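Below is one structure; the comments refer to it alone.
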Amino acid sequence: MIEAYKKFIKRFNKEDDIPFSCPTCARQTLVWDDECWHQYQTALSKKEQKECDEFEPEWTRYIFSGVLKCVHHKCGDKVIVCGEGTIEENYTDYILTEEGYCPCEREFIDVFTPRYFQPALNLFKVPDKVPSEIKDIIYESFALTLSSPSSAVNKLRIAIEILLTEFGIQGKDRKGAFVSLDQRIKSIEQNHILFPQQQLLLAIKWLGNSGSHEENAIFIDELFDAFQIIEKLLNNLYSYDRILEMAQLISQKKQPLTRKERAELKK
């Protein structure tokens, strides 16, 4: 799903499937509201088209705004989208020649690059049990995705700072001096619940460090790497595992579950 998000955020055609869920109800029930779609060729693009005899369709530049609406009857919320667009050449048919398959038919389609979503997209499902302070920072990261990937990845770095504190890995030593994030992660002992997650934590730290330096700016691809890593981390720590709970309950009882006990397990 992350790859589909990435492709859509980089460039989409209005007829493409919408790969993300409604940020309000989390259902994949978003469609374009055709009455609210607007696209305009920029004044500079019009001027160039008028003055240049060799103007190519791909040189066209648009701005656009639109509304995604949730069509689920229990939600109906809307997401405002705006950004820029252009025209792209697309080959629709090929013929076989001595040199292999060659394009023989083409069309020109409008493609758009979103620059702003309100409310922000939820780029992955944050487990319900994640503390609200960490959730809020991750949602802030989602909101910064298009405008500043470097700032967004820094938010993820802050999130793991808070997560370490939640799990008892303190940010200050006995003398009250601050402990670096690198030291905190590497100090996790083998019997600690976070020890198996060290590589995930370190990866987010390194990406966050890069986002802090102008010469190592983070781009969308690197940010989505960070999203996938922190999604894995949070699922490892906070996602409900029905099979594990069932096994633990059977082990405690030392006998099969009753129908009532099985029904009471979360789905």
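The values are calculated or read from the model by the stated rules, or taken from the named source; none is laboratory data. Because the structure is predicted, anything quoted here is derived from the model rather than measured. Because the Cβ atoms are built from the backbone with ideal geometry, glycine has one as well, and the counts that use them run over all protein chains shown. Note: areas computed on protein heavy atoms with side chains; ligands, DNA, RNA excluded. Shrake-Rupley method; radii C 1.70, N 1.55, O 1.52, S 1.80 Å.
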field: Matching residues in segment 222-267 - criterion: being in a loop (DSSP other than H, G, I, E, B) and of a type in the set (Gly, Ala, Ser)
entry: Ser239
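If you check Lys155, Lys125, Lys205, which single one turns out to be part of a helix (DSSP H, G or I), within 30 Å of Gly83 (Cβ to Cβ), basic (Lys, Arg) and within 25 Å of the chain's Cα centre (by Cα)? Talk me through it step by step, then tell me what you get.
Details: Lys125 fails: part of a helix (DSSP H, G or I); Lys205 fails: within 30 Å of Gly83 (Cβ to Cβ).
Matching residue, one of Lys155, Lys125, Lys205: Lys155.
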message: Scan segment 226-234 and tell me whether some residue there is of a type in the set (Phe, Trp, Tyr) and either modelled with pLDDT of 95 or more or buried (at least 16 other Cβ atoms within 10 Å of the Cβ) (or both).
response: yes
query: Across segment 237-251, what is the number of residues that are at pLDDT 85 or above and open to solvent by 70 Å² or more (accessible area, probe 1.4 Å)?
result: 1
Close pairs (6 angstrom Cβ cut-off, 6 or more residues apart or separate chains): closer than 20 Å to Leu194 by Cβ in segment 227-250, among the basic types (Lys, Arg) and open to solvent by 60 Å² or more (accessible area, probe 1.4 Å) anywhere: Tyr238/Lys129; Tyr240/Lys266
statement: Given (1) farther than 18 Å from Tyr238 by Cα; (2) at pLDDT below 95, Ala203 misses just (2)
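Somewhere in segment 214-221, is a residue closer than 24 Å to Ser151 by Cβ, open to solvent by 40 Å² or more (accessible area, probe 1.4 Å), of a type outside the set (Phe, Trp, Tyr) and not in a helix (DSSP H, G or I)?
Here is the first cut: in segment 214-221, the ones closer than 24 Å to Ser151 by Cβ are 214-221.
In the following step, the residues that additionally are open to solvent by 40 Å² or more (accessible area, probe 1.4 Å) were identified as 214-217, 219, 221.
Filter once more, so that each one left must be of a type outside the set (Phe, Trp, Tyr): 214-217, 221.
Those left that are additionally not in a helix (DSSP H, G or I): 217.
Yes, there is a match, as at least one residue in segment 214-221 is closer than 24 Å to Ser151 by Cβ, open to solvent by 40 Å² or more (accessible area, probe 1.4 Å), of a type outside the set (Phe, Trp, Tyr) and not in a helix (DSSP H, G or I).
Identify, from the list Phe167, Phe178, Phe195, the residue that is open to solvent by 30 Å² or more (accessible area, probe 1.4 Å) and farther than 22 Å from Glu133 by Cβ.
Details: Phe167 fails: farther than 22 Å from Glu133 by Cβ; Phe178 fails: farther than 22 Å from Glu133 by Cβ.
Unique residue meeting the criteria: Phe195.
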statement: For segment 4-39, the count of residues that are in a strand (DSSP E or B), surrounded by 13 or more Cβ atoms within 10 Å (Cβ to Cβ) and without any contact (Cβ under 8 Å) to a residue 60 or more places away in the chain equals 2
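Select from segment 42-80 the residues that are in a loop (DSSP other than H, G, I, E, B) and open to solvent by 80 Å² or more (accessible area, probe 1.4 Å) and list them in ascending order. Give the steps one after another, and end with the answer.
Within segment 42-80, the subset in a loop (DSSP other than H, G, I, E, B) is 42, 52-56, 60, 71-77.
Once the filter is applied, which keeps residues that are in a loop (DSSP other than H, G, I, E, B) and open to solvent by 80 Å² or more (accessible area, probe 1.4 Å), segment 42-80 yields Asp53, Glu54, Glu56, Val71, His73, Lys74.
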